[in-house]
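Student: Take a look at the following structure, please.
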Amino acid sequence: MVRIILGAITGFIVWTILLLTTDKILEIASPDWYGRISAELLAAIENKTPYTMDTAIMILTGTRSAILTLISGFVAATISKESFKSPLLLGIFLLAFGLFVHSIFWNYVPLWYDILILLPLIPLAILGGKQKKN
């Protein structure tokens, strides 16, 4: 049981590090597009002003989330030495955290974006875990 929890926590940490790192890389690589839009969204949330998120950014973010979830599911399975329970727990952690984060900007993105990001978290974490060969 300890390995299952440790695997899920490690997967969550890996997901978070990869998300923050890729976010920073995108901001540096594209300051006039990705960096500007990220700054505008944060300013709108802070100032409670209207903002419409760029569709291309939402698709990029959804794709990146899916890839990171697959990777972290694999990590969770590798650490726990089993391919279902730990990735499942990771998916639950990611969904709980995702619901919290998305609740901050519900009004700034369309419903399809929340569904694109949140709904696949548990299945993708499990699918990532299934990639680990026993």
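The values are calculated or read from the model by the stated rules, or taken from the named source; none is laboratory data. Note that the structure is predicted; figures quoted are calculated from it, not measured. Every residue, glycine among them, receives a Cβ derived from its backbone with ideal geometry; neighbour counts consider all protein chains shown. Keep in mind that these areas ignore ligands, DNA and RNA; they rest on the heavy atoms of the full protein, side chains included. Shrake-Rupley method; radii C 1.70, N 1.55, O 1.52, S 1.80 Å.
Student: When the stretch 53-90 is examined, which residues are found to be within 14 Å of Asp114 (Cα to Cα) and of a type in the set (Val, Ile, Thr)?
Tutor: Hits for the stretch 53-90 are Thr55, Ile57, Ile59, Thr61, Thr63.
Student: Sticking with this structure for a sec: Does the stretch 3-53 hold any residues that are open to solvent by less than 90 Å² (accessible area, probe 1.4 Å) and of a type in the set (D, E, K, R), and which are they?
Tutor: Asp23, Glu27, Glu40
Student: Say we look at the stretch 54-63 and pick out the residues that are open to solvent by 30 Å² or more (accessible area, probe 1.4 Å) and of a type in the set (Ser, Thr, Tyr); which of these is nearest to the chain's Cα centre (by Cα)?
Tutor: Of the residues in the stretch 54-63, the ones open to solvent by 30 Å² or more (accessible area, probe 1.4 Å) are 54-56, 59-60, 63.
Next, from what is left, pick out any that are of a type in the set (Ser, Thr, Tyr): 55, 63.
Details: Thr55: 17, Thr63: 9 Å.
Applying the filter and picking the extreme gives Thr63.
Student: Out of the residues in the stretch 64-79 that are open to solvent by 70 Å² or more (accessible area, probe 1.4 Å) and either in contact with a Gly (Cβ under 6 Å, 6 or more places away or on another chain) or without any contact (Cβ under 8 Å) to a residue 12 or more places away in the chain (or both), state the one that is farthest from Leu111 (Cα to Cα). Can you show your working first?
Tutor: Narrowing the stretch 64-79 to residues open to solvent by 70 Å² or more (accessible area, probe 1.4 Å): 67, 71, 74.
Going one step further and asking which of them are either in contact with a Gly (Cβ under 6 Å, 6 or more places away or on another chain) or without any contact (Cβ under 8 Å) to a residue 12 or more places away in the chain (or both), we end up with 67, 74.
Numbers: Ile67: 21, Phe74: 28 Å.
Across the stretch 64-79, the extreme among qualifying residues is Phe74.
Student: Separate question: When only residues in the stretch 102-112 that are in a loop (DSSP other than H, G, I, E, B) and open to solvent by 20 Å² or more (accessible area, probe 1.4 Å) count, which is nearest to Phe12 (Cα to Cα)? Before you say what the answer is, go through the steps one by one.
Tutor: Narrowing the stretch 102-112 to residues in a loop (DSSP other than H, G, I, E, B): 105, 109-110.
Then drop every residue that is not open to solvent by 20 Å² or more (accessible area, probe 1.4 Å), which leaves 105, 110.
Details: Phe105: 21, Pro110: 26 Å.
Among them, the one singled out is Phe105.
Student: Being in a helix (DSSP H, G or I), open to solvent by 80 Å² or more (accessible area, probe 1.4 Å) and touching a residue at least 40 places away in the same chain (Cβ under 8 Å) is the filter here, so list the residues in the stretch 113-134 that pass it. Outline the logic, then answer.
Tutor: Of all residues in the stretch 113-134, those in a helix (DSSP H, G or I) come to 113-118, 121-130.
Filter once more, so that each one left must be open to solvent by 80 Å² or more (accessible area, probe 1.4 Å): 115, 127, 130.
Leu127, Lys130 - these are the residues of the stretch 113-134 that are in a helix (DSSP H, G or I), open to solvent by 80 Å² or more (accessible area, probe 1.4 Å) and touching a residue at least 40 places away in the same chain (Cβ under 8 Å).
Student: Still on this structure, please answer the following. Pull out all pairs, ordered by first then second residue, where Cβ-Cβ is under 7 Å, the residues are six or more apart or on different chains, the first lies in the stretch 29-45 and is on the phi > 0 side of the Ramachandran plot, and the second is among the basic types (Lys, Arg) and part of a helix (DSSP H, G or I).
Tutor: none
Student: Any residue in the stretch 45-53 that is of a type in the set (Lys, Arg) and outside any loop (DSSP other than H, G, I, E, B)?
Tutor: Initial filter on the stretch 45-53 (of a type in the set (Lys, Arg)): 48.
If we keep only those that are outside any loop (DSSP other than H, G, I, E, B) as well, we get none.
No, the conditions are met nowhere in the stretch 45-53.
Student: Within the set of pairs 6+ apart or on separate chains, which have a first residue in the stretch 80-101 that is closer than 11 Å to Ile9 by Cα and among the polar types (S, T, N, Q), a second that is in a helix (DSSP H, G or I) and open to solvent by 80 Å² or more (accessible area, probe 1.4 Å), and C-beta atoms under 6 Å apart?
Tutor: Ser80/Arg3
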